[in-house]
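See below for the structure under consideration.
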Amino acid sequence: MTEKPKKNSGVIRILYAFTYTFSGLRHAILNEAAFRQEAMLFVLALIAILFMPVSGIMKLLLLITSIIILIVELINCAIEAVVDKASPEYNELAKQAKDMGSAAVFLSFTAAGAVWIYAIVQIFLDC
């Protein structure tokens with residue numbers, strides 16, 4: 001077993017934090033199908049947001065709720081990785097942890113969907 005790397009501080013810690021961030025994003029893109037699908041959906045949403053005739057605040061809400069989906073999916077992937085490592089055999093608690101992570105992703109989609117529906121309805125009502 002390898003030992004943990006030593007703790008850094010100051011600017012070096014921040015630089016390492018960026019490398020950990022990009023390593024996590026890279027892993028999610030390369031190995032997590034759900035994250036890849038949601039990232040592609042995010043790119044499409046970002047393009048739509050840029051061209052939607054809505055207020056700046058509404059564009060910000062659309063952007064934030066779309067980013068939240070990616071954040072929650074990353075957390076869900078992390079939960080699944082830890083659960084798989086800690087409990088390679090079937091375990092009811094492991095299943096519950098994975099199910100709750102999945103539910104969190106669903107709720108983030110629900111929140112984003114509500115904001116998107118509201119924005120689209122407002123566009124049609126303003127016509």
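The values are calculated or read from the model by the stated rules, or taken from the named source; none is laboratory data. Worth saying up front: this structure is predicted, and the values here are computed from it rather than measured. Cβ atoms come from the backbone with ideal geometry, glycine included; neighbour counts cover every protein chain shown. Side chains are part of the model used for accessible areas, which takes the heavy atoms of the whole protein and leaves out ligands, DNA and RNA. Shrake-Rupley method; radii C 1.70, N 1.55, O 1.52, S 1.80 Å.
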Problem set entry | Degrees between helix 56-86 axis and first principal axis of the chain (Cα, 0 to 90, nearest 10) | 20
Problem set entry | Gain in span if fully extended, LYS95 to VAL43, counting 0.36 nm per residue against the direct Cα distance | 15.6 nm
Exercise. In terms of Cα to Cα distance under 17 Å, which lysines are near enough to LYS98, apart from those fewer than 8 places away along the same chain?
Worked result: LYS85
For this session: Let me know the charge dipole size of the chain about its Cα centre in debye, to the nearest 20, where only the beta-carbon of Lys, Arg (+1) and Asp, Glu (-1) is charged.
Result: 540
Problem set entry | Helix-only [θ]222 nm of the chain, DSSP H runs n ≥ 4, -39500 (n - 2.57) each, per residue, nearest 500 | -30000 deg cm²/dmol
For this session: Could you list the chymotrypsin sites (Phe, Trp or Tyr not before Pro) in segment 1-92 that lie in coil according to DSSP, counting only those with at most 16 other Cβ atoms within 10 Å of their Cβ?
Result: TYR90
For this session: Note the full-extension length gain between PHE18 and ILE71 as 0.36 nm times their separation in residues minus their Cα-Cα distance, in nm to one decimal.
Result: 17.5 nm
Exercise. Per residue, how much accessible area does the chain show when a 1.4 Å probe rolls over the protein heavy atoms, in square angstrom?
Worked result: 75
Exercise. When only C-alpha pairs under 8 Å and at least 6 residues apart count, what is the relative contact order of the chain, in percent?
Worked result: 24
Problem set entry | Most fluctuating residue given options VAL11, VAL82, VAL115, as computed from a GNM of the chain linking Cα atoms under 10 Å | VAL11
Seminar exercise, completed: Residue by residue through segment 46-54, the couplings from Karplus 6.51 cos²θ - 1.76 cosθ + 1.60 with θ = phi - 60°, in Hz, x for Gly and Pro, are 4, 5, 4, 4, 4, 9, 6, x, 10
For this session: Counting only C-alpha contacts under 8 Å and six or more residues apart, can you give the relative contact order of segment 65-106 as a whole percent?
Result: 54
Exercise. Does anyone have the angle between helix 10-31 and the longest principal axis of the chain? Alpha-carbon axes, 0 to 90°, nearest 10?
Worked result: 80
Problem set entry | the chain, accessible surface, carbon-and-sulfur percent (1.4 angstrom probe) | 73
Exercise. Out of [x] 47; [y] 18; [z] 56, which label holds the value of percent of Cα pairs over 24 Å apart that was computed here?
Worked result: [x]
Problem set entry | When segment 10-70 is reduced to its Cα atoms, the Kirkwood hydrodynamic radius in Å | 13.3
